[in-house]
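Here the structure is laid out as structure tokens; the discussion comes afterwards.
The values are calculated or read from the model by the stated rules, or taken from the named source; none is laboratory data. All values reported here derive from a predicted model rather than from experimental measurement. Cβ placement follows ideal geometry from the backbone for every residue including glycine, while neighbour counts extend to all protein chains displayed. Just the protein is used for accessible areas: all its heavy atoms, side chains included, with ligands, DNA and RNA removed. Shrake-Rupley method; radii C 1.70, N 1.55, O 1.52, S 1.80 Å.
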Amino acid sequence: MFIVKSSEFIKSTSNVCDFPNEGLKEIAIVGRSNVGKSSIINSLLNRKRIAKVSSTPGKTRTINFFLINNSLYLVDFPGYGYAKVSKYERNSWKSMVESYFYNRDVLKKVILLIDSRHDPFESDLIMCNWIKDMKYNLSIVATKSDKLKFAEIKKNDLKFRKNFDVSKILFYSALKNENRNELLNFIFSDI
Ligand SMILES: Nc1nc2c(ncn2[C@@H]2O[C@H](COP(=O)(O)OP(=O)(O)OP(=O)(O)O)[C@@H](O)[C@H]2O)c(=O)[nH]1
Ligand SMILES: [Mg+2]
């Protein structure tokens, strides 16, 4: 079982020259604006506010590196798919994200977060395929599962596995923190 012994915010940057270069393994967390990326990091690390959370989409604007157990980085990304951003901001998001994902040898897994309540967005499917095309290891977590009834979870689980063509989707609520150990294993095993 994976145990989080220590966690530390290291840096926030949008510049490829500033990305950590000590060769430690990385796990990236990506997904639409407001899907709950920063919240799930707080839940995983059992810290209330290590990553900044907001009900306004577009809170995270840079790439944020969190060091876990002094041995690997969790990487929090700004979200995509928020309608109210300018073309300039959209392009700068794209070049920042591409600069990270290009040939990132230390990147061992990408966690794509999707909203457990909604049909997949086109942007989620594009992101999913992009990650697969780059041959990165992909895991999908469906967020905010506290908003769904058990029967709805079962129904969406089937649908999502088909849509994203993956064998497992983990449903999680950062609000409730239940099955956190399962989430930890899902994210940190086999890296
Ligand atoms: N009910 C519920 N709300 C959640 C959960 N996770 C996150 N939220 C809420 O969703 C909103 C967005 O959460 P964030 O963690 O900031 O989302 P994000 O994906 O980091 O957003 P950006 O940084 O803007 O891309 C906040 O109001 C959170 O409180 C959850 O598991 N359940
Ligand atoms: Mg965020």
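Please work out the average accessible area per residue across region 7-188, using the 1.4 Å probe convention, and give it in Å².
53
Taking the Cβ of PHE121 as the center, what net charge do the other residues with Cβ under 14 Å away carry, scoring Lys and Arg +1 and Asp and Glu -1?
Charge balance in the 14 Å sphere: -1.
Below 18 Å, Cα to Cα, which aspartates and glutamates can LYS11 reach? Residues fewer than 8 away in the same chain don't count.
GLU22, GLU26, ASP76
Past 26 Å, Cα to Cα: identify those pairs from LYS52/LYS155; LYS94/LYS149; LYS37/LYS168; LYS25/LYS168, in the order given.
LYS52/LYS155; LYS94/LYS149
Could you check how much of the accessible area of region 75-169 is carbon and sulfur, as a whole percent, using a 1.4 Å probe?
Here it works out to 53 percent.
222 nm [θ] for the chain, helices only, -39500 (n - 2.57) per DSSP H run of 4+, per residue, to 500?
-10000 deg cm²/dmol
Place a +1 charge on the Cβ of each Lys and Arg in the chain and a -1 charge on the Cβ of each Asp and Glu, then give the dipole magnitude about the Cα centre in debye, rounded to the nearest 20.
540
When the dipole is taken about the Cα centre of region 3-72, and only Lys, Arg (+1) and Asp, Glu (-1) are charged at their Cβ, what size is it in debye, to the nearest 20?
Roughly 380 debye for region 3-72.
With the dipole of region 7-188 worked out from charges on the C-beta (+1 for Lys and Arg, -1 for Asp and Glu) around the Cα centre, which of ILE50, ASN64, THR13 lies farthest toward the positive end?
Of ILE50, ASN64, THR13, it is ILE50.
Which three lengths, in whole Å and largest first, does the chain cover when its Cα atoms are put on their principal axes?
47, 41, 32
Calculate the tail of P(r) for region 23-87: the fraction of all Cα-Cα distances greater than 15 Å, expressed in %.
50
For region 67-117, run through the chymotrypsin sites (Phe, Trp or Tyr not before Pro) and keep only the ones in DSSP coil with at most 12 other Cβ atoms within 10 Å of their Cβ.
TYR102
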